[in-house]
Every structure is written in structure tokens, then in C-alpha cells.
Amino acid sequence: MKNKLQKEAPDFTKLSGKEWLVTNGIGGFASSSVSGANTRRYHGLLVASFDPPTDRKVLVSKVEEKVIAAKDEFYICTNAYPGKIYPEGYLHLNSFTRSPLPTSTFSKGKHTVSKTVFMRYGRNMTVVEYHNKGEEALLLELTPLLVYRDYHHLFHEEERWVYETKELEERLLQIKPADDAKPLFVRFTAGIFYEHPDWYRNFTYAREEERGLDFHEDARSVGKISCMLAPGESSFLIFSTEVKDIQGEPEKWKKDEIKRLKTLAGKDHKQFMADLMISGDQFLADRKSSSSKTLLAGYPWFTDWGRDTMIAMRGLVIATGKKKAAKSMLETFLKYLDQGMIPNRFPDDGSTPEYNTMDATLWLFVALHDYYEKFKDKTFIRSVFDQLTEIIVCHIKGTRYNIHITKEGLLYGGHEGTQLTWMDAKVGNYVVTPRIGCPVEINALWFNALNIYIAFGKLLGKNVDVYVNRANDFKHVFRHWFINENGYLNDVVNPGRESDDRIRPNQLYAISLPYSPLTLAEGKRLLQVITEHLYTDYGLRSLSPKDPDFKPIFSGDQWHRDNAYHQGTVWSFLWGEYALAYMKMHKGSKASRKWVKDHVSRLKHHFYQAEGLYCISENFDGKEPLKGKGCIQQAWSIGMTLLALLKADA
């Protein structure tokens, strides 16, 4: 079964290379590898969000788990230490099922134990269920391993971490890591707690080592929980930041969560699309600062970004009919409109939003176009029209980061030291792909913003004739400056200077977006060039392999990764964009829609079986795109794949 990972062999490396993730709808999550060993600093049973969806802290790293029976004694947990794997619980892993909830099943002799992990939606709470599926009673010894840190950092033994532990009532503990730390509450539904403070030192995180970062961590235990489980009996271990949330029936919480997940899939979608919808819901979160919904860019390390939200919400929220959430997200970003720009990023620490982006604001128009096409909500369009006017006017007159319309009529932006497009890798003060000038996708988005604004204006009975003339003129300007003699589009134009004609995927937006400045023949030629140089079944390369700056592998420390990030690395979200363009260039024919459904097969296999289970990775190597790289679960990767499939299935 595609949602069930059967253990072919006790291969630690293979099992540790597959990861699972569950989320709570407020920015918190739980995640680890299938082997049971944490391989990233971001892995943990409880990563809580104290200022949703930011201020994330890892509070519970994992649980040390030992099974004791009449004739058998074995661990079902696994840890990696320098040069050693101990214990080796993965050797007893019989199967792992990701859907509907991550469930590991361990067997030895007559004894079989399953472990299921889930979070309560809307709460910083993780629940772990242990179920005796064997023929005899057994004793479980559970030792929670605790940390207290920002999720980007690592935790080490220090005197200040006293972990004061109080038993508030039977089977309910309050654990305070330090005087200035917030308490953790631990409830267990069966067994006895035996206090025994200790440190577990020097866990090794392989994914962090690969990324050239610190990769050793310590964790604190306060004692163990011993409980007997008869055949068919379950015990629950519950971790929470709020004592008021911890009371109730865990079995009911589990049923509620499974029901919630099933509801997300709807009734009329094929299995893969249904699973994409469930997976995509992980990115939706409450934003406390604006009392609204937002969309996280990726797990495990991104928060909400303007560009990513506007792109991803088209498939994750709008196309799936989540009108209330879509409206809330659009209102959130428009609430922070400043000088005709929406934020690029809301910082983790809740400080002032950052506006260093040329495209996020223009993507807002595309998202609004999709919103109106889906919901026909004229009232909402009317309520935001004045802000859309402000955006158009500010871009024409000029706004921050030297964004303005040139005398030739192109949209220009950027200056030394800034990165304003989605190709935004920066190492220190070095901007890898600065793209200062008139980038092709920015101008394709500007053309769409003008046309969408005009359509909304006519819908509302506004006089937009001046913008109609501007859009008509721009179409000719775009074609004059961007179409080069080789039949594809320049990546960046600087009138009066040499254009950047490197073959990049940014030109795709000239044919994939709702409005195209190109003729059908020009669009088909463009699609052919993109197919020949950039297309893979996992996404599009960010640079042609024939370019001397092409980087075939995305790996190594941050400097090497950032230098390859947009220099050949395959981006999976662009597969969906390519699929939209393919269908448009073939006028939505039955054959083109079948092509999309057939060619999603590699991403489909990746989704079910590869690095992040029920996830789509951020990117892949440029030369041989086989293994997922970057974030294991990226919002626009899921969103654009889902949008393309929904369009193909329409």
C-alpha cells in the first residue's frame, strides 16, 4: 500500500532518511524519522508555538521506550550517538503507516506494540498512544527526554536547567526547566512515575551534519513511567503547555483528529488529490497578531512569507473552496499594505514585517483573480479595490527598493545588496542572483496585475480606461524587450544595456498566468525551450544545464547550498506551474489534461514513499533529481501540484 511503509530490511540509514510530520494549526508540530532517531534539530515530539504561528520552542525531544515481558526485553526507540546507534529499536520495526496518523508497529516473539502520534488541533499538545497488539501482557518503561530551546538552536547541559518536577495530581506532572522557563505538563493514563533526573548526552543529528551545522545535542530526563498493558490495551502519554488542555479522553481526541482529517479530503476526489488536500492543511495556521488565518511556507523551518502564501493559497485554499480562510489570509496581508507593498515576511520574533520583495504584491492580484473566479465574491473585491488602486499607483510612481516603471514602460527594481525576486539566496552580503533591473516574471506579473485590476474595475463600474491603454501598450513593450532572437525570453532586461538571456524558468509565467502578453505561437515556442532545458518530472531546473554557472548538486554547507539554490537546483513547485502552462498552450485539450495526470507520477511516488512521507520536498538536485532536498514539506510544492491536478480534472 502506498501509505504503508513495510520494513524490507532493518536498514537504519534508509529508515532514518524518511520523515513524518503532524501539525496543530497554530504553528506547532511534531516530527521525526521512521527509524525513531531524531536526525534534525527540528525533530521533536512537541514543538510548541507560543505566539502563533511563531516563537516556536522544542520542549519534548522524544521518549526512551523499553518493553519488558516474561521472556523478552527490547527497546522500540532508536538514537544516534557518535559512532554508535543505541538502542536499536528500529531492528524490531515491523511497519510504519503514515495515514491517517503516524503509527509504528514493533514486534519481537509473541509481543507486538504499536505507537501512534498526533496533536490536538489548535493546542500545543502532543499525544502518544502505546497499544499492546500481542498475545501477552507486557510492561512499558517510558522515559521522556526533554529540551527547552528555540527550534533553530540546539540544547546542551547547563546548571540552570534544573527541571523542577511536581506531581500535581495522580498521573499529572508539572515540569519547569528553569526559573524563567514556561512549564511543561505531562499526563499519562496508566502506570507509575519514578523520579530519576539524568542527562542524555551527545545525540547526533545526521541532517544537520550534512548541512554543515552544529549537530550534537543533550537532553534531560526527569524519570520514567512504568505501566502494564494487557493484550488489546492502550496507554496514552500526553505533553502540553497548558494544564487546562490536558484533561479529557485521549481516545476521543484521536477520533476527533481522524474525523477532521477525513473531512478535509472531501468526497469526490481521487485518492492522491484527497491526500494532497489533507497534507496541504498542515500549512494553514492561526496568526495571533492579526487574529486571522495565515499560511506557513514550509516545514520544518519556515514561517509565513508573502510570496509563498499568495502562490500556495491558489491550490491549498482557494481551489479547495476554503473561502473564509482565503479571505482571512488576503485581509491579513492587505492589513499590512505599506507604500503599495505587502510584506515579504513576518519575522519569527514578531517584529516589524519585512517588505523586501517585488513579486509578493503582484501575486496578490493573481490570488484575488482566483478568489473571484471561485467564489464570485463581488463584495470583497469592492472592499479591497481602493487598496489595489494604491498598489498600482505606487508601482507606477515608484516605491521602496527603487521599484518603478522605466521610461520604456517596464517594471524595474533593485539595487546592490538586495534580493527582491523569489531567487533570493544571499550569503552574508553576497547576493547570488541579484537580478537587478526588469526581471521577466515580475513584468509578466505586472501585466497580469494591470489586467486583473481592469477586470475588477469594470466589474465594479469604475472608469479604468487609462489602465486599459497602459495594459495594451505594455503588451507590445514586453514582447519587444523580452523576446530574444532565439525565440525564448530574456531573464532580466536593462534597457540600454546587455540583457541577461540565461535560460531560467521565470519566463514560464508569461504563459502560465491568467493573462499572457505572448501569442499562442510564441508561447508554444517558449514552452518547447523550457521543456528542452529545464523540465523534469520533479519540477523545473532553475538554470539550464548548458549554462557555465549550472550547479548540478544541492548539498553541503550553507555557502554551497545557497550558491546552488537558484543555479540549477530543481524546484518542485514549478512542476505545477509548467502543467498549467502546458494545458493553456494546448487549449485545455483532453490530451493535455491526460498528460498532466500521467506525468505527476514521479511526484506522486515521492509524496508517498520518499523523504517526507505525505509531503513534497522544496527542491531536488539539478542533474539527477531523485532525492528530495531542502524543506521536506513545502507549501507551494503541494499547492501548485494540487492546483494543476484540479485543473486537469475539471
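Here are some notes:
- Residue match in segment 35-52 (condition: free of Cβ contacts under 8 Å to residues at least 40 places away in the same chain, more than 30 Å from K288 (Cα to Cα) and in contact with a His (Cβ under 9 Å, 6 or more places away or on another chain)): no
- Scan segment 66-84 for residues that are closer than 27 Å to H152 by Cα and within 30 Å of the chain's Cα centre (by Cα) and the total you get is 5.
So that you can scan it fast, the table gives a plain yes or no per residue for (1) crowded, with 20+ Cβ neighbours inside 10 Å; (2) among the aromatic types (F, W, Y); (3) in a strand (DSSP E or B):
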position	(1), (2), (3)
P87	no, no, yes
V113	yes, no, yes
Y130	yes, yes, yes
L139	no, no, yes
L145	yes, no, yes
W161	no, yes, no
L168	no, no, yes
I175	yes, no, yes
D180	no, no, no
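- Residue match in segment 254-267 (condition: in a loop (DSSP other than H, G, I, E, B), farther than 30 Å from T320 by Cα and basic (K, R)): no
- Screening segment 308-412 for helices (runs of 4 or more DSSP H) wholly inside it with 1 or more residues that are of a type in the set (G, A, S), free of Cβ contacts under 8 Å to residues at least 12 places away in the same chain and at negative phi returns the ranges 378-397.
- Number of the exception - I503 against (1) in contact with a Phe, Trp or Tyr (Cβ under 9 Å, 6 or more places away or on another chain); (2) assigned to a helix (DSSP H, G or I); (3) of a type in the set (A, V, I, L, M): (2)
- Taken together, L508, L543 contain a single residue that is within 22 Å of I436 (Cα to Cα) and touching a Phe, Trp or Tyr at 6+ places or on another chain (Cβ under 6 Å), which is L543.
- Residue identified as out of contact with any strand residue (DSSP E or B) (no Cβ under 7 Å at 6 or more places or on another chain), closer than 27 Å to M313 by Cβ and either assigned to a loop (DSSP other than H, G, I, E, B) or among the basic types (K, R) (or both) among G588, G556, G639: G588
- Filter result for E88 (farther than 24 Å from P300 by Cα and of a type in the set (D, E, K, R)): yes
- Checked against the criterion of being of a type in the set (S, T, Y) and modelled with pLDDT under 95, the candidates T309, T332 yield just one match: T332.
- Any chance A579 is part of a helix (DSSP H, G or I), surrounded by 23 or more Cβ atoms within 10 Å (Cβ to Cβ), assigned by TED's automatic domain parsing to the domain that holds L642 and modelled with pLDDT of 95 or more: yes
- Test result for A80, crowded, with 17+ Cβ neighbours inside 10 Å, in contact with a Gly (Cβ under 7 Å, 6 or more places away or on another chain), assigned to a strand (DSSP E or B) and among the small types (G, A, S): no
- Residue among R220, R201, R207 that is in contact with a Phe, Trp or Tyr (Cβ under 9 Å, 6 or more places away or on another chain) and surrounded by fewer than 15 Cβ atoms within 10 Å (Cβ to Cβ): R201
- Matching residues, segment 189-207, being in a strand (DSSP E or B) and within 32 Å of the chain's Cα centre (by Cα): Y200, R201, N202, F203, T204
The values are calculated or read from the model by the stated rules, or taken from the named source; none is laboratory data. Just so you know, these numbers come straight off a predicted model, no measurement behind them. Cβ sites come from the backbone with ideal geometry, for glycine too, and all protein chains shown count toward neighbours.
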